[in-house]
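Working notes, structure below.
Just so it is clear, none of the values below were taken in a lab; they were calculated from the coordinates. Nothing here was measured: the structure is a model prediction, and the numbers come from that model. Don't worry about glycine lacking a Cβ; one is built from the backbone with ideal geometry, like all the others, and counts go over all protein chains shown.
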């Protein structure tokens with residue numbers, strides 16, 4: 001299973017949790033391979049060129065599998081280069097700040113950023129990642145000018161925020177919630193309609209006064225084009241069994257992540273999400289040029 005980011009980030013953590021349980025259904029281990037770079041496109045180029053035999057699959061998200069086509073228009077692959085297998089997780093975007101940042105809440109932060117245009121910097125997992133999209137959605141909703149700093153994954157960005165090298169991060173709850181809980185960084189807002197059970201004190205975007213900020217994402221598994229339908233069906237069944245099991249549900253709860261609903265397991269659902277988000281992020285990213 002190819003993971004398009006460095007170890008320790010959201011996609012990596014979710015991939016490892018799901019792969020371990022899928023391996024039980026498939027009767028063989030699933031080896032995780034982290035390939036960072038170019039917002040995930042280096043990894044997905046490799047996945048697109050792999051043998052279509054079901055032995056190489058990749059985990060993707062709205063960044064790597066939808067927004068990337070707007071950000072990198074000359075990619076050696078298209079959405080049609082992949083066959084969707086299954087949605088495996090739904091994620092929630094959070095903006096968190098270094099613990100000594102001079103803002104107590106979201107409105108303080110927006111006021112500070114407006115007084116200091118371009119001076120605040122927020123880290124993300126690389127242009128094209130889902131964390132980059134969290135940043136773009138947040139900045140656009142807040143109407144602020146901040147500097148976005150790309151890393152080779154969520155983990156190194158968070159490390160720099162903890163160390164005070166950058167002002168904050170845009171990240172998924174799966175990889176940043178523990179650091180917030182441990183008070184290594186301070187949570188500012190979650191781009192969700194409901195508070196997270198693991199971070200009950202973190203306000204939603206509506207509660208914080210910025211309802212326009214919406215950052216609910218997904219992770220899905222993909223195989224190279226041409227992979228036989230019978231193999232896709234077997235992988236889909238293994239993924240469904242994995243995410244419905246208590247082991248994954250408990251781990252996801254700890255990660256502030258949720259499994260797909262009962263009506264979201266079919267491979268077609270993932271295909272529809274890709275189609276929807278290619279268009280959604282094309283509009284969002286038009287101001288990037």
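Quickly work out the residue 283-to-residue 50 label distance, labels modelled 7 Å from Cα along the C-beta direction, and quote it in nm with one decimal.
If labels sit at residue 50 and residue 283, their model points lie 3.4 nm apart.
Which of these, 139, 243, 185, has the largest mean-square fluctuation under a Gaussian network model of the chain (Cα springs below 10 Å)?
139
Once fully extended, how much extra length lies between residue 195 and residue 263, figured as 0.36 nm per residue of separation less the alpha-carbon to alpha-carbon distance?
Length gained between residue 195 and residue 263: 22.2 nm.
Top mean-square fluctuation among 239, 197, 125, Gaussian network model of the chain, C-alpha springs under 10 Å?
Highest fluctuation among the options: 197.
Express in nm, to one decimal, how much length is gained between residue 233 and residue 112 on full extension, taking 0.36 nm for each residue of separation and deducting their alpha carbon distance.
Using 0.36 nm per residue and subtracting the Cα-Cα distance, I get 38.4 nm.
Among DSSP beta bridges whose residues both lie in the chain, state the antiparallel percentage, nearest 5.
Antiparallel bridges: around 70 percent, rounded to the nearest 5.
Please state the relative contact order of region 138-289 as a whole percent: Cα pairs under 8 Å, 6+ residues apart?
18
Taking springs between alpha-carbon atoms closer than 10 angstrom, which of 27, 187, 128 fluctuates most in the Gaussian network model of the chain?
For the chain, modelled as a Gaussian network with Cα springs under 10 Å, the answer is 27.
If you stretched the chain out fully between residue 104 and residue 31, how much longer would it get, using 0.36 nm times the residue separation minus the C-alpha to C-alpha distance?
22.0 nm
Arranged from highest to lowest average of other beta-carbon atoms within 10 Å per residue, in what order do the peptides 64-75, 217-228, 165-176 appear?
Per-residue Cβ counts within 10 Å, averaged per peptide and sorted highest first, yield 165-176, 217-228, 64-75.
When only Cα pairs under 8 Å and 6 or more residues apart are kept, what is the percent relative contact order across region 115-182?
Relative contact order comes out at 40 percent.
How much of the calculated P(r) for the chain lies past 35 Å, in percent of all Cα pairs?
Tail of the P(r) past 35 Å holds 14 percent of the pairs.
Report for region 91-190 the percent antiparallel among DSSP-assigned beta bridges with both residues inside it, nearest 5.
60
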